[in-house]
Structure formats: C-alpha cells, structure tokens
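Asker: The structure under discussion is supplied below as structure tokens; questions concerning it will follow.
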Amino acid sequence: MKKKTPKVADLPLAGDQCPSKDPSLATDFRSRLPEVVGQMVATCNARTCFEHIGAEPLPSRSQAIAILKTCRELIFPGYFGTQGIDWVNLEYRIGLELSGLFNCLAEEIANAIRHECTRHGHICQHCEEAGQEKAFLFLERLPHLRALLASDVQAAYQGDPAAAGFDEIIFSYPGLHAITIYRIAHELYRLEVPILPRIMTEHAHSITGIDIHPGARIGKRFFIDHGTGVVIGQTAMIGKGVKLYQGVTLGALAFKRDEAGELERHTKRHPTLEDDVTVYAGSTILGGETVIGARSVIGGNIWLTHSVPPDTKVVLNPPELVYKKS
Amino acid sequence: MKKKTPKVADLPLAGDQCPSKDPSLATDFRSRLPEVVGQMVATCNARTCFEHIGAEPLPSRSQAIAILKTCRELIFPGYFGTQGIDWVNLEYRIGLELSGLFNCLAEEIANAIRHECTRHGHICQHCEEAGQEKAFLFLERLPHLRALLASDVQAAYQGDPAAAGFDEIIFSYPGLHAITIYRIAHELYRLEVPILPRIMTEHAHSITGIDIHPGARIGKRFFIDHGTGVVIGQTAMIGKGVKLYQGVTLGALAFKRDEAGELERHTKRHPTLEDDVTVYAGSTILGGETVIGARSVIGGNIWLTHSVPPDTKVVLNPPELVYKKS
Amino acid sequence: MKKKTPKVADLPLAGDQCPSKDPSLATDFRSRLPEVVGQMVATCNARTCFEHIGAEPLPSRSQAIAILKTCRELIFPGYFGTQGIDWVNLEYRIGLELSGLFNCLAEEIANAIRHECTRHGHICQHCEEAGQEKAFLFLERLPHLRALLASDVQAAYQGDPAAAGFDEIIFSYPGLHAITIYRIAHELYRLEVPILPRIMTEHAHSITGIDIHPGARIGKRFFIDHGTGVVIGQTAMIGKGVKLYQGVTLGALAFKRDEAGELERHTKRHPTLEDDVTVYAGSTILGGETVIGARSVIGGNIWLTHSVPPDTKVVLNPPELVYKKS
C-alpha cells in the first residue's frame, strides 16, 4: 500500500511514554494510525458506542475511595490514618479530616446529582446546594455509624474462634471492611445520592469479593465470615445479629416484566432474614416474599425459595455419596 | 558464635528504607546476613529454584494494566479518562491516546515474543517488527470491540432490574469490566501474542473474581451478573446473548494424558453454550463435548457433564430438606 | 436555626483538597461542622467506639505488602523486581534486597510485638531485639521457602493443561501467588509473630479470592486452580501433592464453647487432607476430626463432615434433574 507522509500527529508527543527501541521501524505502521483514529472518532456517534463526551463530570472513583478512607479513619480513630494520634491532638485531627471530608463529599455528591440531571434532560439548579446539604446530613450520621460498626466488630469476635482480638478484626477482616463500606454507602443511598453509593460498594466487592447492594437494609451486629462470593441484593432486609458465611446469595427469584416487556425495577425482589439468623457457606435464598424466621439456622449448600418459620434448623438431607475404590 | 566484623554490605544503603530505631541493636543479626545472601545466591542455580536471570525482559504487568486503561478509555470515550473531553477536542484526544497506545503495545508485544523465543532457544529476528504489526492489527479491531461491548452494556441493562442506567453499568459493573478486559485480551490471543493476554485476564480475575481464559470464544450481548467465582476455561465456546450468574464454572471434565503420561494441552476440554442460554448461580458445566442447546435455562447449583437439547429448562429436583425445631 | 460566625477551623486548610466551586455556598453547612466534630470526639471514649488512640503503632499494611514483594523477588529472582538482573550483579542485588528486607521486617515485627504487649498490659522490654531475631530466623528460611515454592510451580504445570509454561504460572497464576504469600506468612506465624501474618494472608485474599489462614499447615507440591472462593481454616492440615479447585472450603463444623459460654479458640477445628488428595470445585469439608485418606478424590459440590479412607473416590449420586420444554 502507498506510504503516507508522516503527519504532525506522528511526531513524539507527551502521551507517548514507551518509545520503541528503533523508531524507524515504527514508521510504516505508525503512519497508518490516523486511519484508525478516524474510525474511532467516526463511530463515537454511532448507536454501537456508549460515549460520555461533553457531559458533566461523573463522580470520581478515586475521590470516592478517598472519601471511604477518611470515613473509616473517623469511625475507627487511630487504626488506619497517619500514626501518632493521641488524646491531645485528637480534636484537631478529627476537625481537619472532617472539614476536608465535607468539601470532597459535597463536591462528589453535586457531581453525581448534576450528572443525573443532565442525563435526564432536567435543568440543574440546586446541585451545589444539595451536595452541601446531603454531605452535612451524612456527616451527622457518623456517630451512629460508629456505634453500628462497633456492634459488628463485637459480633465478629463472638462468631469467629480464629479471631485473635478486636484489633485484628478491625485491621484485617474483609467482612468488616465490606460492611463498613456498605454502611457508609447505604447512608448516601438513603439520602438519594445517585451513582456514588454503587461505586463505593463495587469498590468493596472488588477488594473483598463481597457484593452488597447499597439499597439493602441490614441491622446491627452483622457478621460475614470469609465472605468471598457473598451477594446481597438491593431489596434484601436483614435483621439484627445475622451471620453469613462465604458464598451466600440473597437474590431475586425471577424478574417480572411490565406490559411493555420492560423489567420491573422497583419491587421487593430479595428475601428477608429476621433477627439472629445464621446462613452457612454456599447457600442461596431467593425471592422477595421469602422470609427466614428469627433465630433459624440454614445449613450449607441449600437452595431456598420459600419461607422458613422462626427457630427452625434447615439442613440438606445428605445426598447419597458413591464411594469407589480407585 | 563468633562475631564477624561488619562489612561494607552492612552499611546503610539506598535500598534500606526502614532503618530500625536503634541501629546498634541490629549489628549482631545484620552481620550474619551475608551467610543468608550466600545461600540465596548458591541456590539460584539449583533445580529447586525458578529464576529468570539474564533473560529477556518479561512483559510488564504495570504496562499491561496501563494498556487496558487506555483501551477502555478509547472504547468508552469520556467515561474513564481525563475529564473534559468534548466534541471539539475529541479527535486530538483519541489521536494522542491511540498513538501512545501503539508504542506501548508494540513494545510489550515485542517483549512477550522475544521472551518466548529465547525461552525456546529460537533466534529472535523479527520481534520488534512483529510487535509493530500485531499492535496495529489490534488497533484496527478497536471499532469492532466498541460495538461488541456496546451490545454487552445493553444486555446488562436488559438483564438486571437493579441497573439504574447505562452509565452505572459502564462505570461500576464488575461483570462488564471483566468482559471488557477479556475481549481485549482475546484479540491479542487471536494474534498469537504470548503471555500478555493471560496477564490481562488474571488482572481482571484479581479485581472482579471473574476468571475468563483469553482463549475462550464468546459472542455478543454477554452478561455476567455479580460474577464472583465465575470460571470460563480456555476452550469454552459461548454463543450470543448468554447470561451467567456468580459462581458458574465452564470447566474441564478430566484431563487426558498422552502415551508419555503428559497432559494433552490442545484438545477442546470445555463446554459449548449456544445462543441465549442462561445459567444460574453456582452451577458447574464440564466437558469439551457438552453442548447446552440454544435458549436453554440451567437452574442454580446444578452439576452437568452431558449435553442438553435446545429450549430446555433444567432444574434440580429439590433435595429433601430436614426441618428441626431448635 | 441561628447562623454561627465562621471560625478559624472553617478557613481553608492543607487537608482540604477539594474546594467546592463556590465557597460562599458552603458557609451555612460548613459553619455547623464543629458540632459534628464535637460529637465524634465525645463518642471516642464510649463503649460503642473502637479506638486506637495514643497506642503503639500497628504494623503498617503498606510495609507488609512491600515485605511480601521483596520476598517474592528473592524467591523467584528476576521475575518481579527491577529488570536487568544477570549473573554478574545477582549477588549485589540479592545482598541489597536482603539487607533492606531485614530492617523493614525487624521493625514491623517489633511493632507487632510491642502492640500486642501494650494491648495486654505487659511491659515490653525486648520488642526491638525480638524483632531482629525473628527477622533473621525468617530470612534463614528463605532457601527452604524457595524449594517449597518450586515444587508448587511444578505441581501447577503438571495439574493444568492450560499452562503454557512455568513463566506464565509464576507470573500470572493467582493460586501460586496466594500460596507464596501463605508460605511466607506461615513462617512468621510459626515464629509467633502477632497480627502481621494475618495482614499478609488477607492481602492475598483480597487480590486472589483465596483465603488461607497463616496457621494452616500445608505440604509441598500444593496446587490451587482458579482459586476464587477457596477457604482454608487455621487448624487445617494438608499433606503433599494436594490439589484444590475454586470454591473449596476446609472449615469448622461447629464451635465449642467453654463453661463460661466463650468460644474455644485453640482446638483443632479444621480437617486433615493426607498426601495426594484432590478436591473438585465447590466442595466443603468440615470438622477437626475429619480425615481424607491419601490419594482420595472428592468430587465437586460435595458436603463432607466425616472421614474418608485412603484411595477412595467420593462422588455425588447425581441428583435427579427435571427437564422441561420451555
């Protein structure tokens, strides 16, 4: 094919961080890059491209993670932040962190609301103000979150014989980490902050393998052991003192569609677990009308799509195993 | 034991980033470090050590992640990169990113090929050139990848009642993230680029819990919900419009060994799922000759090692549960 | 409500990294932040707060990760560290890395011991010294760890037909990564280093989905394929040549409580797997007295709470499936 004259676009640029060892080799293919650029630009408008060009900024994932980090430090003072916090500098530290958090959070909430407004064609007049207000309402809930999470730490200690102490739980248990992030995200969800809560819980999902939708409602003294593979759906309701093991799903049974064939998105689709229920590893409980009664124990590997009365132990009638001499 | 005179190697060095508070204390043990260094050097040659000394550089994991990041920004313009992309600067942005990506990718592909050549004792003459060519062929596929992934986003929206909108899916769904990385890695796998595609999918595995081998073949409109624990093997074939839930394995049944007792590494070992199949949470489908017919639905927690005809719903005959009053 | 005069605390501070676009808007809510600060300080002393104020520094998670990184580079020289290691500079590199590692590790171990001492009200006199000693004893075990891990790499190659070569396994297999971190953490656990080993294995859990307690005892030639969802408890004992697939749990059956109703924390609660046992995906084996005999094979999705003799294949009597034409 005809060799093109190199264009300005082919000259080395600030964005080119890995120059190949022998630039002369590159000329042939590099000179054809504008063809690809042209196609990538042309298809941005197509139905087969999701783009976010010229739109209001989305909430920043890295800011969301920074917000979670600061909240965790405020809730468990001295564990995660800069070392050297003591009773003398405590107020100054908390004051500085909290005022920084307020600004960050107000801005990210405003971004989230503004983004939502413009996506739906609304005129956005109060985004900044709403960001400030919701950020403040969130901060006011921090003492409540601290007490809730303290109950979760105690539940972990009481539920796990391998726990060497509270510090180990706070410092290294993924279940507590996921619950902490969920509880923060749930407060923002209750304040009707869009998109940001889900970014937070998906961050928790990524680092712990525990997927709790920010819309779920979960009582105090909640403990998840090991946790990888746990899924808790948007409309699940969980009482106090509940204990889940790895691989437990609280999910939807089947999706209803409305007359137009579209999914119904606002019905209760996930189960209810009353107080002090325990669910062992790998069990799946499905359906918005499924209620597991208080103090019931669901054994491992069970698939449940109906309710269970209180104080009931449900175990699998052990399936027949086949033993072969090999 | 006899105390040794401190050697030059024991003096503080640039690599020593954590000096202990009282260096005098350290002398005793520090002075014995050369013994350990000697053993570590001596055993580098042993059969009990895998080393990569004096070898050609391996592809860089951090560059692989940077490549994925840039591809994602190019495929979904405006979502993940620097804020402030609009229709005026779009071409410049895409041009800059794409030319940077070309250089990086060409270099990493060349590294991967050169590494493979030298490991197998081949003389490596065309690595640089092959790197350029394969990088260009990959970039030419980007518009196709964009269209494929747009179909995956739509499938997620149609499959999940909790999805608040397309932006939330693109921005925070781990299933889409894993599929995006798989689709990029699969293109490189088709171009016979060694090692790099697997580094990419294992990165996805690490952040999403979804393990898709880059060799698997997967049609458009693919949706994985929640996803943690999903495993899709190297020779799996998946049609269009397939939907998988968390914990689904498409795996190998048993490994055949050749006459020398070595594993056969190039046979079809993983199942085929025809168009519009759904597999619910925790099910395992095994074997290279297993075919799940079009539009079939496999319930949760099922272990399947044989084929299923089209339009079939397979559910577990509910195992007997035992209820005990506690 | 009455508007407060802005205080010094409301002026922009170094910690305030996201100034909102229009600072005047913020005044109202910002001026009320001291109320929240006051509550957060006041509740630090409460029973509903876990705090770590004025305490000895905890081991640093980022230092723990840096220690793991250096150990991995020393064990597999040339794979993960700076490029360009060859037989000439090998000794210098290893010497530099090892002496840096010694200082870091001694300091973090000292921190861990000191923290433990003060938490239990002991007077801590020998923390620094113990840190040095245990760090040295650990380093002396590195050649042994290298040989152990080389046997694990070979087991992975022999167990996985998709493995393209040893380099791919070392460079990208999450199972090997988790085992590497576990073996390092286990050495520190044997040296009775508190908290640090668990931080390490929970880091592995986060990036691989594989949760191995540092207290577990695991023989050579250990292979975990795919791995997401694997849980291996504190008192599990695993022989040589064992192979596990994703989602396998080696867990506790039920927790015994002592006369005071407290959990018994020091009994053997997790199973024993003798040499050359294989456990397929999704199976759960529970109980401290459960022993799986040598060379036995446990099929997928099995729930076992009792022992199995050697040379036995245990499979599920396939549950009845229901096929419906849809």
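FYI, it's all coordinate maths here, none of it is from the lab. A quick note: this is a predicted structure, and the numbers were derived from the prediction, not measured. Glycine gets a Cβ as well: all are built from the backbone with ideal geometry, and neighbour counts include every protein chain shown.
Asker: What's the center-to-center distance, using Cα atoms, between region B:106-177 and region A:72-102 in Å?
Answerer: 42
Asker: Moving on to the next point. Less than 17 Å from a label point 7 Å out along the Cα-to-Cβ axis of residue B:147: which backbone N atoms in region B:206-232 qualify, by residue?
Answerer: Answer for this model: B:218-222.
Asker: Quick check: pseudo-label points 7 Å beyond the Cα along Cα→Cβ at residue A:320 and residue A:267, how many nm apart are they?
Answerer: That separation, rounded to one decimal, is 3.9 nm.
Asker: I need the semi-axes of the equivalent ellipsoid of region C:55-210: take the C-alpha gyration tensor, multiply each eigenvalue by 5, square-root it, list largest first in whole angstrom. Kindly include the intermediate steps, with their values, before the conclusion.
Answerer: Values: eigenvalues 178, 68, 30 Å².
Output for region C:55-210: semi-axes of 30, 18, 12 Å.
Asker: How high is the relative contact order of region C:55-210, in percent, counting Cα pairs under 8 Å that sit 6 or more residues apart?
Answerer: Details: 155 pairs, mean separation 41.9, N = 156.
In percent, rounded to a whole number, it is 27.
Asker: To check you understand DSSP bridge types, tell me what percent of the beta bridges within the protein assembly as shown (both residues inside) are antiparallel, rounded to 5. Walk me through the numbers on the way to the answer.
Answerer: Numbers: 18 of 90 bridges.
DSSP beta bridges in the protein assembly as shown are roughly 20 percent antiparallel.
Asker: Modelled label-to-label distance, residue B:122 and residue C:240, 7 Å Cα→beta-carbon offset: nm?
Answerer: Each label point is offset 7 Å from its Cα along the Cβ direction, giving 3.7 nm.
Asker: Once a ≥ b ≥ c are taken as the square roots of the eigenvalues of the Cα gyration tensor of region A:185-247, is the result rounded (a/c under 1.5), prolate (a/b larger than b/c) or oblate (a/b not larger than b/c)? Mind showing how you got there, number by number?
Answerer: Working: a/c = 2.31, a/b = 1.27, b/c = 1.82.
Oblate, because a/c is 1.5 or more while a/b does not exceed b/c.
Asker: Give me Rg over Rh for region A:216-317, both radii from the alpha carbons and Rh done the Kirkwood way, two decimal places. Walk me through the intermediate numbers first.
Answerer: Details: Rg = 13.4 Å, Rh = 13.5 Å.
For region A:216-317, the value is 0.99.
Asker: Would you kindly derive the ³J(HN,Hα) couplings of region B:188-205 from the backbone phi angles with the Karplus curve 6.51 cos²θ - 1.76 cosθ + 1.60 (θ = phi - 60°), listing them in order in whole Hz, with x for Gly and Pro?
Answerer: 5, 5, 4, 7, 6, 6, x, 6, 4, x, 5, 4, 5, 6, 6, 5, 4, 4
Asker: Then there is this: Could you state the principal axis extents of the C-alpha atoms in region A:138-222, from the largest down, to the nearest angstrom?
Answerer: 39, 27, 18
Asker: For chain C, what proportion of DSSP beta bridges, expressed in % and rounded to the nearest 5, is antiparallel?
Answerer: Details: 1 of 25 bridges.
DSSP beta bridges in chain C are roughly 5 percent antiparallel.
Asker: Output ³J(HN,Hα) for region C:59-67: one whole-Hz value per residue in order, computed from phi by the Karplus curve 6.51 cos²θ - 1.76 cosθ + 1.60 with θ = phi - 60°, and x for Gly and Pro.
Answerer: Couplings: x, 8, 4, 5, 5, 4, 5, 5, 5 Hz.
Asker: To continue, here is another question. What pairs from A:324/B:313; A:220/A:313; C:220/C:313; A:243/A:268; B:243/C:324 go past 25 Å between their alpha carbons?
Answerer: Details: A:324/B:313 31 Å; A:220/A:313 22 Å; C:220/C:313 22 Å; A:243/A:268 22 Å; B:243/C:324 19 Å.
In this structure, A:324/B:313 exceed 25 Å between Cα atoms.
Asker: Each residue of region A:127-137 in turn: what ³J(HN,Hα) in whole Hz from Karplus with 6.51, -1.76, 1.60 and θ = phi - 60°, glycine and Pro shown as x?
Answerer: 4, 4, 4, 4, x, 4, 5, 5, 4, 5, 4
Asker: Based on the alpha-carbon gyration tensor of the protein assembly as shown and its eigenvalue square roots a ≥ b ≥ c, which shape applies: rounded if a/c is under 1.5, prolate if not and a/b is larger than b/c, or oblate? Could you put the intermediate results ahead of the total?
Answerer: Values: a/c = 1.03, a/b = 1.00, b/c = 1.02.
It comes out rounded by the Cα gyration axes.
Asker: If you don't mind, there's one more thing I want to ask. For residue C:61, which inter-copy label distances result when the label point lies 7 Å beyond Cα on the Cα-to-Cβ vector, reported in nm to one decimal and in ascending order?
Answerer: From this label point to the equivalent ones elsewhere in the assembly: 1.8, 1.8 nm.
Asker: I'd like to know how chain C sits against the 2.2 N^0.38 Å rule of thumb: what's its Cα Rg over that expected value? Could you put the intermediate results ahead of the total?
Answerer: Numbers: Rg = 25.4 Å, N = 326, 2.2 N^0.38 = 19.8 Å.
The value comes to 1.28.
Asker: Taking only C-alpha pairs under 8 Å that are 6+ residues apart, what is the relative contact order of chain C in percent?
Answerer: Working: 562 pairs, mean separation 30.1, N = 326.
Reported relative contact order: 9 percent.
Asker: Taking square-rooted eigenvalues a ≥ b ≥ c of the alpha carbon gyration tensor, is region A:130-286 rounded, prolate or oblate, where a/c under 1.5 means rounded and, failing that, a/b exceeding b/c means prolate?
Answerer: Note, shape of region A:130-286 comes out oblate.
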